[in-house]
Every structure is written in C-alpha cells, then in structure tokens.
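Engineer: Sharing a structure below in structure tokens format, with a few things to ask.
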C-alpha cells in the first residue's frame with residue numbers, strides 16, 4: 001500500500017507560463033527563455049555557451065541571459081539532449097492497463113539497453129570535432145577516408161606511435177597530422193564524448209502508449225501476440241546527475257530530460273485518421289517516423305555518414321514508409337543538407353516535401369515567393385535562428401601540413417541551424433501542455449524523493465516541530481490549572497447571583513411598567529391614524545361625486561385626432577393629477593392642452609404643466625405623446 005505522505009511529493013498545480021529550456025547537442029549549450037501566450041510558445045531570450053563542462057556552460061549561459069536584461073527567470077527548467085535515446089517498442093502491455101511503474105521501467109530498460117549501446121557508438125571523435133566547429137564536413141570526410149585506408153595498409157614506422165587496434169590509425173591523430181585540428185582540441189572533444197555518451201551508465205526511462213487507428217483494432221488474442229506500441233526514451237544517470245547539479249547550483253530545478261531526436265514530430269498538425277512521414281536529420285543520426293503525434297506507427301533511427309545523410313539513402317528509407325494515403329513528407333534537416341534532401345525526395349518519389357524551417361518543395365514546382373508554399377513556422381524559431389548565426393564563425397591558426405592529405409584551409413564554424421529553435425519550442429509546448437498527448441516523452445531529471453521522515457533537509461523543521469510540541473504541552477498544563485481556578489470562581493459567582501436575584505426582580509417589574517406605557521402610546525398612535533383615514537374617506541366621497549363630471553369635461557376637450565391613455569389621481573391633498581395621452585399631430589395635442597383650461601375652469605382646475613414630444617402610438621403610428629399635470633382646489637376632494 002502506498003504511503004499517503006508520499007503523495008505530497010507529486011503535487012503539481014496548473015501549467016507553467018514560462019520555462020527555461022536547455023538544448024544540448026553534446027558539444028554546446030543553448031539556453032532559451034520560452035513564454036506561453038495567446039499566440040502560443042515564443043522564445044523571449046536565448047544564450048549560447050561552448051564551455052566543455054555542464055556546470056560552467058549553464059552558468060555562462062545564465063549570466064548571458066542576465067546581461068541581456070532578463071532579471072526574473074523561472075525556477076524550473078527542462079533539458080533537451082541529443083544523448084537521450086528514443087525508440088518505438090512493441091510491448092505486451094495495454095496502455096489502458098499499464099503495469100506498476102517499477103515493472104514498466106524494468107521492461108522498457110531491458111529493451112533500450114542494447115539500442116543505447118548502438119547509439120553511443122555513433123558519437124565518434126570526428127562527430128565531436130565537427131560539432132565543436134573544429135572540423136568542416138569535407139575535412140572530416142577526408143580524414144575518414146584516410147583512416148579507412150590505414151586499416152588496409154600496413155602501418156609505417158612513424159605511424160606505430162599513434163596506431164590503434166589492428167594497426168588502424170586513430171581519427172584524432174590523423175586530423176592533427178593533416179593540420180585540421182590541434183592536439184588540445186582532440187583531447188577536449190574526447191572528453192566531451194566520454195562525458196555525454198557513456199554506454200555503461202544506468203539508464204532511466206520514460207514511456208507513453210501510442211493510440212492505434214480504428215482500422216487496426218484487433219481482438220484480445222491478436223493484441224497479445226502483436227503487442228502494443230509504446231514510445232520510450234532512455235537517459236543515462238550520469239547525464240541526469242551532472243545537469244541537475246549544474247542547475248541546482250544556480251537555484252534552478254531541472255524538472256525533466258527530453259530527447260532532441262524526433263521532437264519536431266510532436267509539433268505536426270495531423271488530422272485524426274491520417275498519417276504523415278517525418279524525416280529528421282541531425283549531426284550524427286536521423287529519425288524516420290510515420291503516423292501522427294500520439295499515434296506513432298513506425299520509428300527508425302540510424303546513423304549518418306560523417307555527419308551527413310546521403311540523399312539516396314533518404315529516398316530509400318522514405319520509399320519504404322510511404323503508403324497510398326500519404327502524399328507528403330515532412331523534413332527537418334541542417335541547412336546545408338535540407339535543399340539536397342528535399343530535391344531528391346521530390347524528384348525520385350514525386351511527393352510534396354514540407355520543410356520544417358524553409359519553404360515547401362513539391363513536385364509541382366510552385367512559383368518562387370508563393371506564400372502558400374511556406375508552411376507556418378513556429379513563432380520565435382526564425383528570430384532565434386537569425387541571432388544564432390551572428391558571431392559564430394571562429395577561426396584558429398592553421399598548423400603546417402604534415403600529411404599527404406591536402407589540408408584545406410580552416411573554414412568558419414557553420415551557423416547554428418534554425419532547427420535548434422524549432423526543437424526548443426517543441427519541447428516547451430510539451431511542458432506547457434499544448435502538444436498532443438503522448439506525442440513526446442520525457443524522463444524525470446531528479447530521482448524520486450525519499451519519504452518525509454528520511455529527508456535530512458527536513459530535520460530543522462522537525463526540531464521546530466518538537467519545540468512547538470513542548471510549548472503546547474506547557475500550555476496544556478497551564479490550562480488545567482486555569483480550569484481549577486475557574487471552578488472556584490464559579491462557586492463564588494453562584495453566591496453573587498443569589499444576592500443579585502432581588503435586584504433583577506425589581507428591574508423586571510420596572511421593565512413591565514415601561515412595556516405597558518409603550519402599549520398605551522401605541523394605542524394613541526393607532527387612534528390618530530384611524531382618524532386620518534376617516535378624514536381621507538370623507539374627501540374620497542367628495543372626489544367620487546365630482547370625478548365623473550371632470551372626466552366628461554376632459555372628454556369634451558379631446559378632439560378626433562387624440563386619445564387619453566391614463567389618468568393618475570394623487571393620494572395626497574393638493575397633489576397634481578397626472579394625465580397621459582397621444583395625438584396624431586402636434587396641432588391636435590396643443591389644442592387639447594389649451595381646451596383643458598377652459599373645460600376645467602368650473603371645477604377650479606388649471607393646467608399646471610404640460611409636455612408634448614414625438615412618440616409612436618398604437619400600432620406604431622407616428623404621433624406625439626402628451627403629458628399634462630392638473631391642479632385642483634381642495635374643494636374637489638383631491
């Protein structure tokens with residue numbers, strides 16, 4: 001049975017409005033402040049750090065945000081890491097009836113351990129050198145060719161000093177010998193690779209069940225044999241620990257870790273019942289997904305060739321995933337590869353290619369500048385990509401060439417691609433709760449907290465609680481003593497009450513006398529009110545006698561173009577009589593008011609005030625409203 005106190009550790013109220021997103025490709029860190037507003041998620045500020053240590057990189061990026069004028073930052077952050085592994089698993093567990101968390105974690109971890117070992121092999125020294133900007137893709141390819149040749153050729157005497165197993169020359173040594181990089185840069189990148197991608201670390205996993213299309217509904221026996229699709233992610237413990245510690249030192253709580261690969265698939269808008277093919281290419285690996293966010297059908301992850309995916313490979317992979325109902329491919333790739341990949345997919349497959357960060361390329365060759373060919377781009381992605389391109393080209397002195405390989409001049413570091421901004425926004429949308437359910441999976445960055453009674457950080461509060469209990473005990477003792485004192489006071493109060501009984505009886509008699517006096521006064525007021533009513537009845541009799549005659553005079557003053565709507569008699573003596581009527585014309589209304597003075601002269605009545613204004617009458621006829629206030633002498637009985 002779960003301890004009820006442990007539920008306090010999982011309390012979460014609402015969704016955040018701002019979040020810090022750390023984007024790490026293993027070689028550099030991008031820190032972005034993302035805010036969720038009416039228009040969706042948007043990047044408000046960003047910073048970059050190339051420090052090799054996570055703690056120094058986060059501190060440098062955070063200080064850069066403060067230097068930009070950002071004063072108040074969220075206290076929670078999430079990490080999007082290229083070292084996180086994502087995969088689609090077929091498990092014999094129904095997503096609607098999952099197993100306990102511990103069993104699910106072991107089941108998923110068992111499936112992902114071998115996949116993570118394969119992924120770690122893709123991140124070579126060449127990948128780190130190119131990721132840090134020390135090598136261009138062309139220089140890396142040339143070095144890889146020389147390394148492959150060294151495996152087939154017998155090692156020369158001078159090469160034995162830095163030859164690896166089987167006489168094959170190491171990549172870093174070849175790059176140094178060619179003058180592409182320095183020895184310090186190679187050692188730095190080796191440390192970065194070992195720090196970010198450790199196959200021996202314990203894996204922590206996350207998972208989310210994927211929905212199936214209605215046409216794929218199977219019976220219970222077929223589902224048990226085929227399994228259920230689960231989107232899973234694995235993060236090494238070392239990566240979790242080092243980034244959580246780096247954030248904790250600056251007062252930021254790292255909440256969860258997301259995979260970078262495949263994050264863009266969660267941002268696709270796919271109608272229910274339809275599927276798309278999504279190809280995402282990154283520095284050292286690619287992902288090919290088919291389905292829709294929350295209903296993934298296929299996920300293939302593989303490695304690139306020296307940081308690039310050949311277009312012919314992309315065409316072959318996409319051809320296997322295309323179906324008769326799929327007419328477009330969504331593509332997110334580095335800027336230096338996206339054009340070639342899009343052109344190859346359009347030419348060889350004849351489908352429309354929707355670029356995640358560029359105008360769409362289609363087999364129909366739309367006109368340049370056509371706004372319909374540009375898919376909606378996540379807000380803030382363009383701004384971040386444009387800023388990231390500034391000031392990133394850094395050149396280093398080129399050492400003299402000492403190898404037969406033609407040493408190309410060192411090129412500036414390639415600009416950061418716009419897909420970094422897109423991946424940041426995709427992760428932020430999942431944090432804000434605007435992404436489709438189960439479209440993106442994360443792993444908690446912090447280990448589960450121990451029970452409350454085992455947490456050392458709560459010891460000061462426990463000591464304070466003991467002090468409070470001691471104070472409460474002393475207070476209870478004092479209250480018992482006070483209760484005894486109150487008992488004695490109660491006995492004395494009873495004696496005092498007996499002495500005051502006589503006084504209370506006298507006061508009751510006095511009060512009864514005052515009550516009788518009040519009744520007499522009330523009776524007198526009642527008699528006076530009755531007298532007033534009798535007087536009013538006498539006046540009412542006089543009014544009753546004269547009223548028909550007055551009405552006859554008023555009727556005589558009327559003409560054929562008007563009607564009398566209401567006559568309100570006052571209840572008080574000397575008050576005005578209010579009369580309302582309606583006439584077809586202003587002349588008829590004026591004539592009626594003038595005739596009233598003559599008609600009521602016999603009863604000493606006069607028109608005290610009148611008002612005529614245009615207003616609709618019966619059946620919405622145009623005419624004039626008449627309001628007249630009459631004054632009569634007291635002899636009339638008003």
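The values are calculated or read from the model by the stated rules, or taken from the named source; none is laboratory data. This one's a predicted model, so the numbers in the text were calculated from it and none came from an experiment. So basically every Cβ, Gly included, is an ideal-geometry build from the backbone, and we count neighbours across all protein chains shown.
Engineer: Would you confirm, using the coordinates I've provided, whether residue 331 is buried (at least 22 other Cβ atoms within 10 Å of the Cβ), more than 31 Å from the chain's Cα centre (by Cα), at pLDDT 85 or above and under 24 Å from residue 283 (Cβ atoms)?
Structural biologist: no
Quick grid of which residues meet (1) surrounded by fewer than 18 Cβ atoms within 10 Å (Cβ to Cβ); (2) farther than 22 Å from residue 443 by Cβ; (3) at pLDDT below 85:
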{"residue": "85", "(1), (2), (3)": "no, no, no"}
{"residue": "106", "(1), (2), (3)": "yes, no, no"}
{"residue": "114", "(1), (2), (3)": "yes, no, no"}
{"residue": "130", "(1), (2), (3)": "no, yes, no"}
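Engineer: Another question about this same structure. Regarding residue 572, is this residue loosely packed, with under 13 Cβ neighbours inside 10 Å and more than 60 Å from the chain's Cα centre (by Cα)?
Structural biologist: yes
Engineer: Residue 206 passes all but one of (1) surrounded by 12 or more Cβ atoms within 10 Å (Cβ to Cβ); (2) part of a helix (DSSP H, G or I); (3) modelled with pLDDT of 80 or more; which number fails?
Structural biologist: (2) is the only condition that residue 206 fails.
Engineer: Follow-up. How many residues does the range 77-112 hold that are free of Cβ contacts under 8 Å to residues at least 40 places away in the same chain and either outside the structural domain of residue 282 (by TED's automatic domain parsing) or part of a loop (DSSP other than H, G, I, E, B) (or both)?
Structural biologist: Residues flagged as free of Cβ contacts under 8 Å to residues at least 40 places away in the same chain and either outside the structural domain of residue 282 (by TED's automatic domain parsing) or part of a loop (DSSP other than H, G, I, E, B) (or both) within the range 77-112 amount to 3.
Engineer: Follow-up. Pick from 217, 161, 184, 222: which is over 30 Å from residue 103 (Cβ atoms), exposed (fewer than 12 other Cβ atoms within 10 Å of the Cβ), in the same structural domain as residue 290 (by TED's automatic domain parsing) and modelled with pLDDT under 85?
Structural biologist: 161
Engineer: Turning to a different aspect of this structure: Kindly check whether there is at least one residue in the range 51-72 that is within 22 Å of residue 267 (Cβ to Cβ), in contact (Cβ under 8 Å) with a residue 12 or more places away in the chain and surrounded by 15 or more Cβ atoms within 10 Å (Cβ to Cβ).
Structural biologist: no
Engineer: Still on this structure, I have one more. List, please: which pairs have Cβ atoms under 9 Å, are six or more places apart or on different chains, and start with a residue in the range 581-595 that is without any contact (Cβ under 8 Å) to a residue 40 or more places away in the chain and end with one that is surrounded by fewer than 20 Cβ atoms within 10 Å (Cβ to Cβ) and assigned to a helix (DSSP H, G or I)?
Structural biologist: 591/557; 592/557; 593/557; 594/557; 595/556; 595/557
Engineer: Can you tell me which residue among 469, 489 is under 60 Å from the mean Cα position of the chain (by Cα) and assigned to a helix (DSSP H, G or I)?
Structural biologist: After applying the criteria, what remains is 469.
Engineer: Test of understanding: among 583, 542, which residue is touching a helix residue (DSSP H, G or I) at 6+ places or on another chain (Cβ under 9 Å), surrounded by 14 or more Cβ atoms within 10 Å (Cβ to Cβ), in the same structural domain as residue 619 (by TED's automatic domain parsing) and at pLDDT 90 or above?
Structural biologist: 583
Engineer: Only one of 438, 490, 444, 462 is surrounded by 10 or more Cβ atoms within 10 Å (Cβ to Cβ) and outside the structural domain of residue 247 (by TED's automatic domain parsing); which?
Structural biologist: Residue meeting the stated conditions: 462.
Engineer: Among the residues of the range 554-563, write down those that are surrounded by fewer than 17 Cβ atoms within 10 Å (Cβ to Cβ) and touching a strand residue (DSSP E or B) at 6+ places or on another chain (Cβ under 6 Å).
Structural biologist: Selection gives 561, 563.
Engineer: In addition: So which of 417, 501, 423 is in contact with a helix residue (DSSP H, G or I) (Cβ under 8 Å, 6 or more places away or on another chain) and modelled with pLDDT of 90 or more?
Structural biologist: The conditions single out 423.
Engineer: If you don't mind, another one. Given the conditions (1) modelled with pLDDT of 90 or more; (2) touching a helix residue (DSSP H, G or I) at 6+ places or on another chain (Cβ under 9 Å), and given that residue 110 satisfies all but one, which numbered condition is not satisfied?
Structural biologist: Going through the list (1) modelled with pLDDT of 90 or more; (2) touching a helix residue (DSSP H, G or I) at 6+ places or on another chain (Cβ under 9 Å), residue 110 breaks only (2).
Engineer: If you scan the range 591-621, which residues turn out to be in contact with a strand residue (DSSP E or B) (Cβ under 7 Å, 6 or more places away or on another chain) and part of a helix (DSSP H, G or I)?
Structural biologist: Hits for the range 591-621 are 592, 593, 596, 597, 603.
Engineer: (1) modelled with pLDDT of 90 or more; (2) surrounded by 19 or more Cβ atoms within 10 Å (Cβ to Cβ); (3) not in a strand (DSSP E or B): which one isn't true of residue 27, the others all being true?
Structural biologist: So the condition that residue 27 fails would be (1).
Engineer: Determine which member of the set 591, 569, 547 is out of contact with any helix residue (DSSP H, G or I) (no Cβ under 8 Å at 6 or more places or on another chain) and at pLDDT below 85.
Structural biologist: 547
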